[in-house]
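All remarks here apply to the structure that follows.
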Amino acid sequence: MKVSFICLIFLLISCKDKRKEVLLADREAPLGWIYLKMYDDKSFEFISKGMMRDNNVYTGNYELKNDTLYFKYIDSIPKAGSKAIIQNGYVSYIDGSYPESVQIKLNKLKQ
């Protein structure tokens with residue numbers, strides 16, 4: 001019984017997260033950073049980190065149509081919005097309550 005349990009734990013640890021990053025973008029924010037991480041399984045993380053505030057992590061799935069990204073959030077939607085365009089090395093959100101752009105550091109998206 002102990003051997004089976006140990007094998008199960010080993011299996012869970014080794015299969016932890018097989019997602020591959022297909023787009024990474026960020027920018028420095030006042031006293032923090034904004035990160036966008038997109039993965040090959042169509043999931044993403046929009047992260048707002050700060051020295052004076054907690055980390056806010058927004059997750060969900062995305063869809064890419066031409067140069068436009070549509071984000072479907074699991075829980076709440078950040079003020080940056082849920083629609084962005086990819087242009088000139090940036091992901092620029094276009095439907096939020098304020099304009100947000102993050103600079104692309106890695107782009108392996110298949111368009």
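The values are calculated or read from the model by the stated rules, or taken from the named source; none is laboratory data. Bear in mind that the values here come from a model prediction, so they are computed numbers and not experimental data. Because the Cβ atoms are built from the backbone with ideal geometry, glycine has one as well, and the counts that use them run over all protein chains shown. Keep in mind that these areas ignore ligands, DNA and RNA; they rest on the heavy atoms of the full protein, side chains included. Shrake-Rupley method; radii C 1.70, N 1.55, O 1.52, S 1.80 Å.
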I'm trying to understand the selection: among the residues of the stretch 81-101, which are of a type in the set (A, V, I, L, M, F, W, C) and either free of Cβ contacts under 8 Å to residues at least 60 places away in the same chain or open to solvent by 30 Å² or more (accessible area, probe 1.4 Å) (or both)?
Ala84, Ile85, Ile86, Ile94
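Closer than 19 Å to Lys110 by Cβ and hydroxyl-bearing (Ser, Thr, Tyr) - does that describe any residue in the stretch 47-64?
yes
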Would a scan of the stretch 14-35 turn up a residue that is modelled with pLDDT of 75 or more, more than 18 Å from Lys83 (Cβ to Cβ) and among the hydroxyl-bearing types (Ser, Thr, Tyr)?
yes
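Yes/no matrix, rows are residues, columns are (1) open to solvent by less than 90 Å² (accessible area, probe 1.4 Å); (2) touching a residue at least 24 places away in the same chain (Cβ under 8 Å); (3) closer than 15 Å to Phe46 by Cα:
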| residue | (1), (2), (3) |
| --- | --- |
| Lys65 | no, no, no |
| Thr68 | yes, no, no |
| Lys79 | no, no, yes |
| Gln103 | yes, yes, yes |
| Lys108 | no, yes, no |
